[in-house]
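Notes follow the structure.
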Amino acid sequence: MTTVAATHDVGHGEHAPSGFWRKYIFSTDHKTIGIQFLFLSLFFLLLGGILAMQMRWQLGFPGKPMPGGGILPESMAPGGVILPEYYIQLVTMHGTFMVFFAIMPLLVGVFANFLIPLKLGAHDMAFPRINMASFWFAFAAGMVMLASLFVPEGAARAGWTMYAPLSARPDLSGAELGQKLWSVSIVLLGLSSILGSLNYITTIINNRAPGMTWFRMPLSVWSLFITAILGLLALPVLSGAAIMLLFDQTIGTHFFDPPAGGQPLLWQHLFWFFGHPEVYILILPAMGMVSDIIANGSRKPIFGYHSMVFAIIAIAFLGWIVWGHHMFMSGMNPTLGSSFMISTMVIAVPSAIKTFNWMGTMWRGNLRFHVPMMHAVAFVAMFVIGGLSGIFMAATPVDMHIHDTYFIVAHLHYVLFGGSLFALFGAITYWYPKMFGRMMSERWGKIHFWLTFVFYNLVFFPMHNLGMAGHMRRIYDPTQYDFLKPLQPLNTFISVCAFLLFASQAIFALNFIISLFRGQKAPQNPWLDNGLEWTLPNPAPHGNWAQIPSVYRGPYEFSSPEVEEDYLPQTRKLPTDREPAVLSSGAPS
Amino acid sequence: MTHATASLMRPPFPAERGVDAHNLKLGMWVFLASEVMFFTALIGSYVILRFGAPGEWAKPGVVLNIPVTAFNTFLLICSSVSMVKAFAAISDGDQKMLKVWLLVTIIGGAMFVGIQAYEYTHLIHRGFLPSGVREGSELAELVANGTLPAATMGLYGSTFYAMTGFHGFHVTCGVVAMAYLYLFRVRRGKYSQQDYRGIEAVGLYWHFVDLVWIILFTIVYLI
Amino acid sequence: METAHKHPRYLLIWLYLALLTAAELTLAFELPISRNLKLVILMVLAVWKALLVAMFFMHLKFERWNLRILFIIPIPLAVIFIFAAITEKIW
């Protein structure tokens, strides 16, 4: 039996890249790519927020000139007064940027790239150059989408869900180029996502360090693995749909054109067949990272690790057969609707299992409320609220009344903002030392957390009430309906809180930026965590390890009786530990 | 294959066992899974639109040229065989036959694309467009005299060109990739019995493209 | 580890594929069988050919089960999607 003799591991990049361009711009190092995604996504998060602020101005102060609105063109906001045509662009592009260019790349592009090789004990991703391509496709997609804001007729305006035939026909929507650019951007983004997913899946399956068996992987990696599978299989459907939409828009095909036999419902089926797995893509990585952070902050192993893994898999599996619950009011076949109602109710169960497991982890733990822990605990609470509103919507008869109302807006923001974004604030704070070698300010982190938490709930909780009262989504001027006039003070209240919420994010932004230069230098393992990434210096070097480490245990050995410290890293060898089995079976070493 | 081959196609650093496939092979399979979903969107939409079509669909063979396409199908299957023969050759260490079979595959693939391009130009000339039937064309007369159903020609054109067009695009990418491998790797002897990962990966892609065509040919041309 | 020491009989598979294709063409144009039956048989033939390519040319028959799973997963998804959307019109 022959083995490959090597003095040290031959990783992909034996030589660290030199020169500014290869090191920072066209880098194949997964950590650099993760940070590139971070800056790109934070920019789009800010942009999405700015669009939302304009929406809230119109809703809170309908028909009044917006401060600073003078810079907008006359065709969009004459004298700073937002026109309906512009309002619907704000709605569409806020959703588009937030879902596709902020939350998704923040969760996946940043943390899958950054964490997976570090947490698994790999030098880099399986395909570093494809990884680089994935970032640049996302960048190109973002630039195309950004450009669509500035074309003469304006951006796409059929809602982020881009229903056809409104989206396919400029005579109906009033925008031609903007709509086409949306389709092009989404095709590019789909490609970026697919290339990324393929990297994450291959790396996780094939490049785990010796001893890193499947059930010793941290839940953050498990969730990123399952998310990557979801992305791999769902994004191509969106790309296909976007291509068909683009063809309807450009070369005169009739996929979604009723007079020629096309089916608008086909677009909805395609979009939501992608769209539902997409929302699990937007939550599972957050859940995974929250698991890591809560175990750390509780100084206890995760309660029910195996059930957590199976719950993630169950959520992903069931997520493929619930898409019709977005279409209960579409006029689709009612029998089909019932089957979707049942599957949607069922999918609440694994999520609930996870919630109880988080609580079980915290129960009687040695709780440390560092900033990431605060965000993680808030995640659990906000996600429960979002999940509960989801149960209401799952019941078709109830959904008949609340579909396309602010109840849905409340739900989606509770899971995406209260859920994903809070988890992201926590995760960014948690892994910031690993990325940049410094700590973010704990004090300003706590201030940011509390302000965000309070204002966020003041903005989005009342939306449940608005929705139940019949306030519809995407509406430009609610006061045109008599039955909504009494609700207008609530709209104004929400808008004011939204402005304060947005302003509070400046604290996070400043904390982030200033800490890059003036933050306290981070110790190697500031959170006293067990993951492999904390055995490397901050920031981690190119190629991560000179020699791939061996793994001896799972990731959540906190407060273990075997050692004095309240944490026990995965790679620390105790006298009672044996070397991983795979090393003695002839694999190269 | 010997153990030596197997261990050299493992990563050169210690790792858990995984799926006993080197990264390039696993990566290609993963990519192909995404391609299945992409073609599901296109082909699925065709099935859905056809099932729900507001009238009869055109009969097979009236618009599309079956004999030429049947030959094209045969050609692609043959190129799939030559590809696997190329793979078998290098796995036995035979550089010469690798070159021969790979070249045959490239030529077969290029011919497929060429014939499909010919098919497209001919169809467009006769009046078959992605948007349906062009006014005043030869096919428009068939619509007028009832040989072709007016209500569904728009869908027929849309679905035909989308599916076969993207398939053709994938074939073209495959031909380009194989040509690149041939010119810059195979001719320089970069593959050996110990390491032929690239050939294996591109072979998988090529077979997949053939597999999709097998499905497409049946449901687009024959039904 | 790669398992097969001997290669599968590729030319034999090629022959099967050629025969199946010929069968499809005959069925589609020559045989006077009802349309629905034709549809089913043609699909079966197409899937059979596709399986031959996947199993032998793509070596799936000789790979580990966990690699095969990877390719198998999208198929039920495709079926579910198409079936659900078809029920819009045929139910």
* Would it be correct to say that A:L516 is within 14 Å of another protein chain (Cβ to nearest Cβ) and not hydroxyl-bearing (S, T, Y)? -> no
* What do you reckon, is B:P67 closer than 28 Å to C:L15 by Cβ, surrounded by fewer than 18 Cβ atoms within 10 Å (Cβ to Cβ) and without any contact (Cβ under 8 Å) to a residue 12 or more places away in the chain? -> yes
* Considering only segment A:273-286, state which residues are touching a residue at least 60 places away in the same chain (Cβ under 8 Å) and under 16 Å from C:A85 (Cα atoms). => A:G275
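Can you confirm whether A:G275 is part of a helix (DSSP H, G or I), more than 11 Å from chain B (Cβ to nearest Cβ) and either within 30 Å of A:F303 (Cβ to Cβ) or within 21 Å of the chain's Cα centre (by Cα) (or both)? Step through it out loud before you land on a result.
Details: part of a helix (DSSP H, G or I): yes; more than 11 Å from chain B (Cβ to nearest Cβ): yes; either within 30 Å of A:F303 (Cβ to Cβ) or within 21 Å of the chain's Cα centre (by Cα) (or both): yes.
In short, yes.
Within segment A:359-445, which helices (runs of 4 or more DSSP H) (wholly inside it) include 3 or more residues that are buried (at least 20 other Cβ atoms within 10 Å of the Cβ) and at pLDDT 95 or above?
Details: elements: A:371-394, A:396-402, A:406-413, A:422-436.
Filter on segment A:359-445 gives A:371-394, A:406-413, A:422-436.
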* Which ones in segment B:90-130 are at pLDDT below 95 and small (G, A, S)? -> B:S91, B:G93
* Can B:I90 be described as farther than 26 Å from C:T21 by Cβ, in a helix (DSSP H, G or I), in contact (Cβ under 8 Å) with a residue 12 or more places away in the chain and more than 8 Å from chain A (Cβ to nearest Cβ)? -> yes
* Return the only residue of B:F169, B:F184, B:F217 being surrounded by fewer than 19 Cβ atoms within 10 Å (Cβ to Cβ) and within 13 Å of another protein chain (Cβ to nearest Cβ). => B:F169
* Of these, C:I86, C:I13, which one is within 9 Å of chain B (Cβ to nearest Cβ) and either in contact with a Pro (Cβ under 8 Å, 6 or more places away or on another chain) or farther than 22 Å from B:T40 by Cα (or both)? -> C:I13
* Asked: Residues of segment A:143-171 being in contact with a Gly (Cβ under 9 Å, 6 or more places away or on another chain) and β-branched (V, I, T), which ones?
  -> A:V151, A:T161
* To do: Output the residues belonging to segment A:509-548 that are touching a Gly at 6+ places or on another chain (Cβ under 8 Å), within 24 Å of A:A295 (Cα to Cα) and crowded, with 19+ Cβ neighbours inside 10 Å.
  => A:A522, A:L532, A:N538
* Can you pull out the residues in segment B:44-68 that are facing chain C (nearest Cβ under 10 Å) and part of a helix (DSSP H, G or I)? -> B:G44, B:S45, B:Y46, B:V47, B:I48, B:L49, B:R50, B:F51, B:I66, B:P67
* Structure fact -> If we take segment C:30-91, then helices (runs of 4 or more DSSP H) inside it with 1 or more residues that are in contact with a His (Cβ under 8 Å, 6 or more places away or on another chain) and surrounded by 14 or more Cβ atoms within 10 Å (Cβ to Cβ) are C:74-90
* Asked: Looking only at residues in segment A:335-381 that are under 16 Å from A:K300 (Cβ atoms) and of a type in the set (G, A, S), which one is farthest from the other protein chains (Cβ to nearest Cβ)?
  -> A:G365
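Going by the structure shown, is A:L219 more than 9 Å from every other protein chain (Cβ to nearest Cβ) and farther than 23 Å from A:A140 by Cα? Break it down into steps so the answer makes sense when it comes.
Working: more than 9 Å from every other protein chain (Cβ to nearest Cβ): yes; farther than 23 Å from A:A140 by Cα: yes.
Yes.
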* Which residues, taken from segment B:16-34, are assigned to a helix (DSSP H, G or I), within 7 Å of chain A (Cβ to nearest Cβ) and not aromatic (F, W, Y)? -> B:N23, B:L26, B:G27, B:V30, B:A33, B:S34
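Here's the yes/no breakdown for (1) farther than 30 Å from A:L149 by Cα; (2) within 12 Å of chain B (Cβ to nearest Cβ); (3) at pLDDT 95 or above:
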{"residue": "A:L188", "(1), (2), (3)": "no, no, yes"}
{"residue": "A:G196", "(1), (2), (3)": "no, yes, yes"}
{"residue": "A:A209", "(1), (2), (3)": "yes, yes, yes"}
{"residue": "A:T213", "(1), (2), (3)": "yes, yes, yes"}
{"residue": "A:L224", "(1), (2), (3)": "yes, no, yes"}
{"residue": "A:L233", "(1), (2), (3)": "no, yes, yes"}
* Hits in segment C:37-74 (condition: among the β-branched types (V, I, T) and facing chain B (nearest Cβ under 7 Å)) -> C:V53, C:I73
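The values are calculated or read from the model by the stated rules, or taken from the named source; none is laboratory data. Nothing here was measured: the structure is a model prediction, and the numbers come from that model. In this analysis, Cβ positions are derived from the backbone assuming ideal geometry, glycine residues included, and neighbour counts consider all displayed protein chains.
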